[in-house]
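*Asks:* Have a look at this one.
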Amino acid sequence: MARLTSRTTQILSVGLVALALTATSLRAADWRDYLKRPVSPGSIALLVEHSQDAPVLERWTVALRDRDPRVRAAAARMANVSNAVGVVPALLSALENEADAGAGTEEIRAIAALGGTATDLALVTTARRLGPWAVRAYAGMLARARGAEAVNLLDPLQLSVVDRQSVSRLATGADRETLPTSGQIVRSIGDLPAGLFPDVVQAAGCKFSKDRPLGGAEIVYDQVGRPKTVSLLKSDLSSACSQAVRALLFAALGPTTAPAGMPQVVVVVIAPEVIACLDARGSDVAGSAATLRMGRGDGGAIPTKIRDVQPIYPQGAQIDRTQGQVIGEGVIGPTGCMEALRVLRYSALPLAVASVQAVSGWQYTPTVLNGVPARVTMTWSTSFNLQ
């Protein structure tokens, strides 16, 4: 398996903090090569660490006019996580003519995070024109960017009672996570635009292998969920897969419940079934799937596991005679895939990472509630015992 060891000492920062590159980052000749390639979500995302270069900003600006909504979504996300304020006019222009829910969601999120109060009226008007998915996207990012102040700005959006309650809880921090009993938060990567994960892997030339390789980083997110500092974990990934993992870690927004400023380990598993599941999650921009709690009796059928992946005992943990149980929670998505994994208790970080690597490959029968696919929140556990 691909092993993660102690994190590197050099910090990588994006957004509001100057970027310092490490030896494993793309060489100048490498990243400039992506400027020459045909525009795709992957080639757009692999430029994320170079947002201070004018050719990259121009590339993203042009991509926002592309006919492929996946390309527009990728460009909007990269502008967002890179704090590329100069791209806001192009984002506003793209949103004015947007008809795709996925691309529109990313454009709204980016403008809300980058544009400040000057864009409020335009976003409210456009969100209401595009429909409920756009309204939810704007309200959610508004809550993250403005905090409690956002509660007083929700009236023009005409949210449903349920959506308003959800956004108000987000704005006031009522659902913020606390540290697990073991100390540091460990979770799987999430919240990527549809099509981005598989295209980044393909554009970087990362090849699949049978041991389900993984990479990761310790990340601190800012108030709106953008990576502020990224400290990469050492791994034995190939150079191409390392480039893909780096871009994905910089591109993914933190969960809405993640406390700003709190370091957390985020794991990326490079396996076809995991990529397909995350991509399906990114496609569900409408947010129409209800969320149930397994065993609570919400009315949906109890999911049945149809694919199991056993965790690989990390060699270093065996040598150190480290053992114990890892307990976490996650969501069975509408297609039966595992998403939003978060470790709640563990005895050692390598065991927690190995657990996330395994559980990300589990699959269940989809849950349907009143004829509509639903998400199911569940608690999971894995054990590591020396024989």
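The values are calculated or read from the model by the stated rules, or taken from the named source; none is laboratory data. Just so we're clear, the structure is a prediction, and the values are computed from it rather than from any experiment. Positions of Cβ are generated from backbone atoms using ideal geometry, with glycine treated the same way; all protein chains shown enter the neighbour counts.
*Asks:* Residues to consider are 56, 88; find the one that is of a type outside the set (S, T, N, Q), farther than 30 Å from residue 241 by Cα and touching a residue at least 12 places away in the same chain (Cβ under 8 Å).
*Replies:* Sole residue among the options that is of a type outside the set (S, T, N, Q), farther than 30 Å from residue 241 by Cα and touching a residue at least 12 places away in the same chain (Cβ under 8 Å): 88.
*Asks:* Pick from 174, 127: which is over 30 Å from residue 276 (Cα atoms) and either crowded, with 22+ Cβ neighbours inside 10 Å or free of Cβ contacts under 8 Å to residues at least 60 places away in the same chain (or both)?
*Replies:* Step by step, each of 174, 127 is checked, and only 174 is over 30 Å from residue 276 (Cα atoms) and either crowded, with 22+ Cβ neighbours inside 10 Å or free of Cβ contacts under 8 Å to residues at least 60 places away in the same chain (or both).
*Asks:* Additional query: Which ones in the stretch 136-154 are in a helix (DSSP H, G or I) and of a type in the set (A, V, I, L, M)?
*Replies:* Once the filter is applied, which keeps residues that are in a helix (DSSP H, G or I) and of a type in the set (A, V, I, L, M), the stretch 136-154 yields 137, 139, 141, 142, 143, 145, 148, 150, 151, 153.
*Asks:* Mind checking which residues of the stretch 260-272 are closer than 16 Å to residue 184 by Cβ and either surrounded by 23 or more Cβ atoms within 10 Å (Cβ to Cβ) or touching a Pro at 6+ places or on another chain (Cβ under 7 Å) (or both)?
*Replies:* Of everything in the stretch 260-272, those that are closer than 16 Å to residue 184 by Cβ and either surrounded by 23 or more Cβ atoms within 10 Å (Cβ to Cβ) or touching a Pro at 6+ places or on another chain (Cβ under 7 Å) (or both) turn out to be 266, 267.
*Asks:* Moving on. Look at residue 291 and say whether it is modelled with pLDDT under 90, more than 25 Å from residue 34 (Cβ to Cβ), β-branched (Val, Ile, Thr) and in a strand (DSSP E or B).
*Replies:* Values: modelled with pLDDT under 90: yes; more than 25 Å from residue 34 (Cβ to Cβ): yes; β-branched (Val, Ile, Thr): yes; in a strand (DSSP E or B): yes.
Yes; evaluated as a whole, the condition is true for this residue.
*Asks:* Does residue 95 qualify as being surrounded by 16 or more Cβ atoms within 10 Å (Cβ to Cβ), out of contact with any Gly (no Cβ under 7 Å at 6 or more places or on another chain), under 19 Å from residue 130 (Cβ atoms) and modelled with pLDDT of 90 or more?
*Replies:* Criteria not met by residue 95.
*Asks:* Looking at the stretch 49-62 only, could you name the residues that are at pLDDT 95 or above and under 21 Å from the mean Cα position of the chain (by Cα)?
*Replies:* Within the stretch 49-62, 60 is the sole residue that qualifies.
*Asks:* Just one of 61, 117 is part of a helix (DSSP H, G or I), β-branched (Val, Ile, Thr) and surrounded by fewer than 17 Cβ atoms within 10 Å (Cβ to Cβ); which is it?
*Replies:* After ruling out the rest, the residue left standing is 117.
*Asks:* Okay, next question. Quick one: would you say residue 105 is of a type in the set (Ser, Thr, Tyr), assigned to a helix (DSSP H, G or I) and touching a residue at least 60 places away in the same chain (Cβ under 8 Å)?
*Replies:* When the stated conditions are applied, residue 105 passes them.
*Asks:* With of a type in the set (Val, Ile, Thr) and buried (at least 17 other Cβ atoms within 10 Å of the Cβ) as the only criterion, which of 356, 372 stands out? Before you say what the answer is, go through the steps one by one.
*Replies:* Working: 372 fails: buried (at least 17 other Cβ atoms within 10 Å of the Cβ).
When all the criteria are applied, what remains is 356.
*Asks:* For residues in the stretch 227-259 being of a type outside the set (A, V, I, L, M, F, W, C) and buried (at least 23 other Cβ atoms within 10 Å of the Cβ), which is farthest from residue 269 (Cα to Cα)?
*Replies:* Per the criteria, the residue is 227.
*Asks:* Can you tell me which of (1) surrounded by 19 or more Cβ atoms within 10 Å (Cβ to Cβ); (2) closer than 18 Å to residue 34 by Cβ; (3) among the hydrophobic types (A, V, I, L, M, F, W, C) is the one residue 54 doesn't meet?
*Replies:* (1)
*Asks:* Going by the structure shown, is residue 29 assigned to a helix (DSSP H, G or I), over 28 Å from residue 358 (Cα atoms), at pLDDT below 50 and among the aliphatic types (A, V, I, L, M)? Working first, answer last.
*Replies:* Numbers: assigned to a helix (DSSP H, G or I): yes; over 28 Å from residue 358 (Cα atoms): yes; at pLDDT below 50: yes; among the aliphatic types (A, V, I, L, M): yes.
So residue 29 passes the test.
Residue-wise test of (1) closer than 27 Å to residue 329 by Cβ; (2) among the charged types (D, E, K, R).
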| site | (1), (2) |
| --- | --- |
| 116 | no, no |
| 121 | no, no |
| 134 | no, no |
| 144 | yes, yes |
| 191 | yes, yes |
| 196 | yes, no |
| 203 | no, no |
| 211 | yes, yes |
| 216 | yes, no |
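*Asks:* May I pose another question? Let me confirm something: among 184, 223, which residue is in contact with a Pro (Cβ under 7 Å, 6 or more places away or on another chain), in contact (Cβ under 8 Å) with a residue 60 or more places away in the chain and either among the small types (Gly, Ala, Ser) or farther than 24 Å from residue 42 by Cα (or both)?
*Replies:* Unique residue meeting the criteria: 184.
*Asks:* I need a count of the residues in the stretch 299-314 that are modelled with pLDDT under 90 and either of a type in the set (Lys, Arg) or loosely packed, with under 15 Cβ neighbours inside 10 Å (or both).
*Replies:* Matching residues across the stretch 299-314 total 3.
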